[in-house]
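Written below as structure tokens is the structure these notes are about.
Derivation of every value follows stated rules applied to the coordinates shown; laboratory data play no part. What you are looking at is a predicted structure, and each value in this text was computed from that prediction instead of being measured. Please note: Cβ atoms are built from the backbone with ideal geometry, for glycine as well, and neighbour counts cover all protein chains shown.
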Amino acid sequence: MFKKLHLQLTFFFTAVTGAILIAMTALCLYLSENGMIQNNYVTFLNTTNTMMTYMTGQDIITHEWLASQERDGNYLVSIYDNGVPLYMDRLAHGSEDSALLEQAAARAEEDYGFDITSGSADRRLSDSQNFSMKDEQGTRYEVCVMTLPKNDGVLHALVLYSRASEHTLLLRQRWFFALLVLAGILLLAIFCWFFTEYLIRPIEESRRKQAQFIASASHELRSPLSVVLSSVSALKKAAPEDAPRFTEAIRSESARMARLVDEMLTLAGSDAHNWQIKKVPTQLDTLILDTYEKYELLARSQHIRLSVNLPEVPLPECNCDGGRIEQILSILLDNALSYTPGGGHVVLSLTHETHRFLIRVSDSGPGIPDAQKALIFERFYRVQTSRTDKEHFGLGLCIAAEIIHLHRGRIWVEDAPGGGSDFFFSLPA
Ligand code: ADP
């Protein structure tokens, strides 16, 4: 499912960014081509103006000058002296050029009234006209026809500027940009592939955890449920004196299920961000003393020495949700008293540092192996030795971690000096 989503997202992001890239490139190409076409046209106009000025001022047009105008191969110039093409013109131009010049001369006469072959000087002043035309192959030409009256007659000139090389250049540029865009899209696709993978990872992880949570919860619910069901069927056939044994089993397993459901609902509330944390200034030492008093009797009944260590100086108040902090203390004390064997000790202590309050629950139990110190804060995780313990589901520490997280504090476990575990949690001061 995630593979398909990964592919779809990669395709979607590549398509969107690729389309934007294509549109932007096309716009740049359009502007650049337009600029080039305009520039070439302005160059053509300047060239023809220069030619016209030159020819007006010269009595003799030399072959070298004409050849220099046609040197770059884009220009074709033909001069008619009193309607007759100059001799060197006829020598210089092949049949293709001559056909072009004839086509241009015909257009100049038909559309603009420049009769360059007649030799009559019907215009008294210099005149010129620019127009465009295409040859049989479809190549575009810019044409300038000029009439220059002279003392002894009239000089006509036809200047053709071929757009063929410009067209080739534009085509080459388009290919270059197309390849560039293609390479860009390829790079974008690779980037999108890794980026979407990075985006999906937390969703995949959360889904994996959710599935694991459901599997563990079902597993935890199955055993009390089967005890309840078997006790109910046994109860039907049991002798009256055996009945209390089965009803007690049903009651205790139902209570266990109720507790598990309560814990799961608590975590579900945290996942849905439904937890209300009401932070109020709280005296942590009073809160710790109250909790200590609640657990004192239980510890004594288990032959565990429970003691409390509080600073002797008065402490500032801590801005926290007292009820929730008491819940964490209960989880930690519950665990400490459960995992510490009789004759051991549990110490509850509080210290105040510059930026934080540090609460510590230390016990002389079996301790927690290093490899499992981080894992015990995960849902339903229990250290191998406590898996058979029916009273523990492996949810307490992750509830504590969620509460601490909401208080922007930290919770961790270390080895207690002399064996056992040292659970710490800090709250911002
Ligand atoms: P549980 O309800 O099983 O105690 P927790 O989330 O509170 O769930 O604890 C997770 C696991 O961490 C426990 O199952 C136990 O194996 C281990 N653990 C927690 N506290 C202690 C402790 N004080 N000493 C030894 N092991 C502990």
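One table, with the values for the structure above:
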quantity	calculated
Mean-position separation - Cα centroids, region 283-302 and region 3-26, in angstrom	61
Mean Kyte hydropathy of -0.5 or more with a Cα span along the axis of at least 30 Å, helices from DSSP in the chain	2-57, 164-237, 243-271
Extension gain (nm, one decimal) between residue 414 and residue 203, 0.36 nm per residue minus Cα-Cα	72.8 nm
Zone residues, region 398-426, relative to residue 305, backbone N less than 18 Å from point 7 Å out along Cα-to-Cβ	416-422
Additional length obtainable on full extension of the chain from residue 234 to residue 255, 0.36 nm per residue less Cα span	5.6 nm
Fully extended contour minus Cα-Cα distance, from residue 374 to residue 351, at 0.36 nm per residue	5.9 nm
Relative contact order [Cα under 8 Å, 6+ residues apart], region 1-160, whole percent	21
Cβ-defined net charge surrounding residue 209, 9 Å radius [Lys, Arg +1; Asp, Glu -1]	+1
Contact order normalised by residue count of the chain, Cα under 8 Å, 6+ apart, percent	11
Modelled FRET efficiency - R0 51 Å, residue 330 with residue 4, Cβ distances, 0.05 increments	0.65
When the convex hull of its Cα atoms is projected in every direction, mean area for the chain (nm²)	42.7
All lysines inside 25 Å of residue 237 as judged from Cα atoms, apart from same-chain residues fewer than 8 positions distant	none
Other-chain or far-sequence residues with amide H under 5 Å of residue 346's (modelled H)	305, 306, 307
Spin-label pair residue 381/residue 165, simplified geometry with 7 Å Cα→Cβ offset, distance in nm	7.5
Cα→Cβ-extended label distance, 7 Å offset, between residue 132 and residue 265, nm	8.0
Globularity index of region 185-267, i.e. its alpha-carbon radius of gyration over 2.2 N^0.38 Å	1.99
